[in-house]
Structure formats: C-alpha cells, structure tokens
Amino acid sequence: MSKKAATESEGDKKSKGKLGLILVAVGMLAVGGGGAFALVATGVIGGGKHEVKEDNRPKLVRKGEADPFMPKQEGGEGEGGGGEEPEGEGGDPYRTAYYTFTDDFTSNLKESDALLQLSLACSTRYDGRVLQWIKKHELAIRSALLAIMADTPEDDIYTIEGKGRLQKRMTDAINRVLIQKEGFGGVDNVYFRNFIIQ
C-alpha cells in the first residue's frame, strides 16, 4: 500500500506541476496580448495610417537666419538703404526681436492713491509669429497688464527688485494670454520705455 500511496503522491505532484506551468503560460499570453494591444492602440506598431503631426510652433531664430514670419516694418526701409540688420558675432546665438506697445499703460497702484504710467516693449527670440500674435491679442494682453499694475504695491515701484518682479509678472501675463489664445508664449522679457509715478 505504501508503494501505491507513493505512486499516487508522485502523480499528484506531476499533475500540479503541469497545472502550474499551464497557468503561467496562460498568464504570459494574457500579459503579452495586452501589451501588444496597447502598442497597436497607441500606434507604436501596426496601423500603417499613423499620422505624424508637424511641429508648427514658433522656432528660435539664429542670428543671420531669415525669418519668413517677421512682420514688415512700418514706414518702409530704414536710413541705411534697407537690407538685413548687422548682427554681432558674440553674445546670444539667437536674434532678438522687439514689440513696442503703441499706447501707454496707466493704472492706480494697490491700496494707494499713486498712479503708475508705463510705456512698454517686449522681446522674443522666436520667429515673427510671436510678434504677430502679440499685435493680434494686444487688447487681451493690455487688460492682463493693467490688472498686474493695479495689483502692484506702491513700495515695489521704488526699488530695483520690485521693478524686476513687476517685469517678470508682466512677462508671465503676456505668455499666459498667448498660450491661452495661440497655444504658445515665447516672450522673453518686458522692458520699461517710460516709468512715471504720479
């Protein structure tokens, strides 16, 4: 009887071992099938109709490169008979383009009777689409910048650090408007052309 019990015990072990192998194989097939489905669904494999989206965002423009999106300057050609502006060889490798807001910005300051009047410009190293978008959305940008000015404490406008914070907040506000409207910011900095406190 002990030989019979030993034989049955070995048979049970063999059948349990085979069952375990079968379960592992089925599990691996399920995981592999799920992975393959995920790769096909995301377009990594198969589906020859996978479209590649062209990156149509503004690009950085190197010094001396042509920018097909650069807006034409008003007033015709400059004093030098037209042509490309000379670029220095050192410094930033990218060309900087500027946009000057046509009208001044005037606002009262936060919890103050003082008024702040600013003439502003901003810069970008990206192609001319950024300048076109600033012009296109100048009304929304103007509103955002006036809100920033009205939320500026009077103490901030008397220090260099406070003016630096105001510049950064204004740059961020312009970029937020451009991202909301066009999906891309691209403004590097805001510059004060006039800064009058009354």
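Residues that are over 20 Å from Pro71 (Cα atoms) and either open to solvent by less than 40 Å² (accessible area, probe 1.4 Å) or not hydrophobic (A, V, I, L, M, F, W, C) (or both): find the helices (runs of 4 or more DSSP H) completely inside the range 86-198 holding 2 or more of those.
Details: elements: 129-136, 138-150, 160-182.
The helices (runs of 4 or more DSSP H) meeting that bar are 138-150, 160-182.
Only one of these is over 30 Å from Arg62 (Cα atoms) and modelled with pLDDT under 95: Asp156, Asp151. Name it.
Numbers: Asp151 fails: modelled with pLDDT under 95.
The unique qualifying residue is Asp156.
Test Ala150 against the criterion of being of a type in the set (Gly, Ala, Ser), farther than 19 Å from Ile179 by Cβ and within 28 Å of the chain's Cα centre (by Cα), and give yes or no.
Values: of a type in the set (Gly, Ala, Ser): yes; farther than 19 Å from Ile179 by Cβ: yes; within 28 Å of the chain's Cα centre (by Cα): yes.
Here the answer is yes, as Ala150 does meet what is asked.
The values are calculated or read from the model by the stated rules, or taken from the named source; none is laboratory data. Bear in mind that the values here come from a model prediction, so they are computed numbers and not experimental data. Using ideal geometry, Cβ is built from the backbone for each residue, glycine included, and neighbour counts are taken over all protein chains shown. These accessible areas exclude ligands, DNA and RNA; they are computed on the full protein's heavy atoms, side chains included. Shrake-Rupley method; radii C 1.70, N 1.55, O 1.52, S 1.80 Å.
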